[in-house]
Amino acid sequence: VSDLVLLTDDFSILPAAIKEGRVIVDNMRKVVSYLLSGSFTETILIGTALILGFPLPITALQILWINLIEDGLPGIALTFEKAEKGIMERGPDTPNTPLLTSEMKFIIFAISLITDIILVGLFIWLLQQTIPIEHIQTILFVALGLDSLLYVYSLRSLKKNIWEYNPFSNMLLNGAVAIGVVALVAAVYLPILQKLLHTTPLSV
């Protein structure tokens, strides 16, 4: 506090510093929720396949691509979210308030559960279609990648529903998602990446 007062010789810097601190903590929680929900989804998907005795629905390199390329840039863009309305009207967090709040736990669990129900069902159905396993893994790879690129918009606020704010107002996030889509398409259709990631081109 003394450093801030000496810096400006003005106590008005204190509310500004508190506000900035709250923005930073909020954005950290958004990024943690985003990354944990994606990792939890992948863990459940692979674990379910192993328990049921199925082949892997997605390869290790494909998981790495999703975590680094598809999740990386949107996760960074979330750190640039502006302050939410009413951020200075809420009470301060207590020293015992955990970084992982009850809202975050619910979001992580809900996103992972819904996504895995869809993906496991899709995986089992595809296995019954006598489709080559590399083709099935490519479909699951694309599904996981698109899932990460889409649900990041719902994590721009942990307290409001997506229809209560403009989900496309963060231009950095829009750019990160656009790059993620291009990278996902390249991973499926670019020959050098097909060979690296063991993907096959998909029809419409």
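So, in the stretch 138-159, exactly how many residues are part of a helix (DSSP H, G or I), at pLDDT below 95 and polar (S, T, N, Q)?
Total meeting the criteria: 2.
Within the set of pairs 6 or more residues apart or between chains, which connect a residue that is closer than 16 Å to I69 by Cβ inside the stretch 141-165 to a residue that is among the charged types (D, E, K, R) and assigned to a loop (DSSP other than H, G, I, E, B) with Cβ atoms less than 8 Å apart?
That search, which allows pairs on different chains as well, returns S148/D71.
Step by step: first the residues of the stretch 142-157, then only those that are within 15 Å of E42 (Cα to Cα) and of a type outside the set (F, W, Y), then the one that is nearest to the chain's Cα centre (by Cα). Which residue is that? Step through it out loud before you land on a result.
Applying the first criterion (within 15 Å of E42 (Cα to Cα)) to the stretch 142-157 yields 142-149, 151.
From what is left, the residues that are of a type outside the set (F, W, Y) are 142-149.
Working: V142: 15, A143: 13, L144: 10, G145: 10, L146: 10, D147: 8, S148: 5, L149: 7 Å.
Among those that are within 15 Å of E42 (Cα to Cα) and of a type outside the set (F, W, Y), it is S148.
Kindly provide the set of residues from the stretch 12-37 that are closer than 15 Å to I76 by Cα and not β-branched (V, I, T), ordered by number. Quick ask: steps written out before the conclusion?
Taking the stretch 12-37 as the starting set, the residues that turn out to be closer than 15 Å to I76 by Cα are 23-36.
Those that are closer than 15 Å to I76 by Cα and not β-branched (V, I, T): D26, N27, M28, R29, K30, S33, Y34, L35, L36.
Got a sec? Which helices (runs of 4 or more DSSP H) wholly within the stretch 1-104 have at least 1 residues that are of a type in the set (K, R) and either modelled with pLDDT of 90 or more or crowded, with 16+ Cβ neighbours inside 10 Å (or both)? Give the derivation first.
Details: elements: 2-8, 13-51, 60-65, 72-78.
Because the criterion is at least 1 residues that are of a type in the set (K, R) and either modelled with pLDDT of 90 or more or crowded, with 16+ Cβ neighbours inside 10 Å (or both), the helices (runs of 4 or more DSSP H) in the stretch 1-104 that meet it are 13-51.
Just one of the numbered conditions (1) surrounded by fewer than 15 Cβ atoms within 10 Å (Cβ to Cβ); (2) in contact with a Leu (Cβ under 8 Å, 6 or more places away or on another chain) is not true of V152; which one?
All conditions pass for V152, except number (1).
Of all residues being in a helix (DSSP H, G or I) and farther than 12 Å from F141 by Cβ in the stretch 186-204, which is most open to solvent (accessible area, probe 1.4 Å)? Just the residue, please.
Restricting attention to the stretch 186-204, the residues satisfying the condition of being in a helix (DSSP H, G or I) are 186-189, 191-197.
Still in the list and also farther than 12 Å from F141 by Cβ: 186, 189, 191-192, 195-196.
Values: A186: 29, Y189: 113, P191: 89, I192: 127, K195: 168, L196: 90 Å².
Taking the candidates together, the pick is K195.
The values are calculated or read from the model by the stated rules, or taken from the named source; none is laboratory data. Everything numeric here is computed off the predicted structure, so don't read it as measured data. A quick note on method: Cβ atoms are made from the backbone with ideal geometry, for glycine too, and the neighbour counts reach across all protein chains shown. Each accessible area value is taken on the protein alone, full model and side chains, heavy atoms only, with ligands, DNA and RNA left out. Shrake-Rupley method; radii C 1.70, N 1.55, O 1.52, S 1.80 Å.
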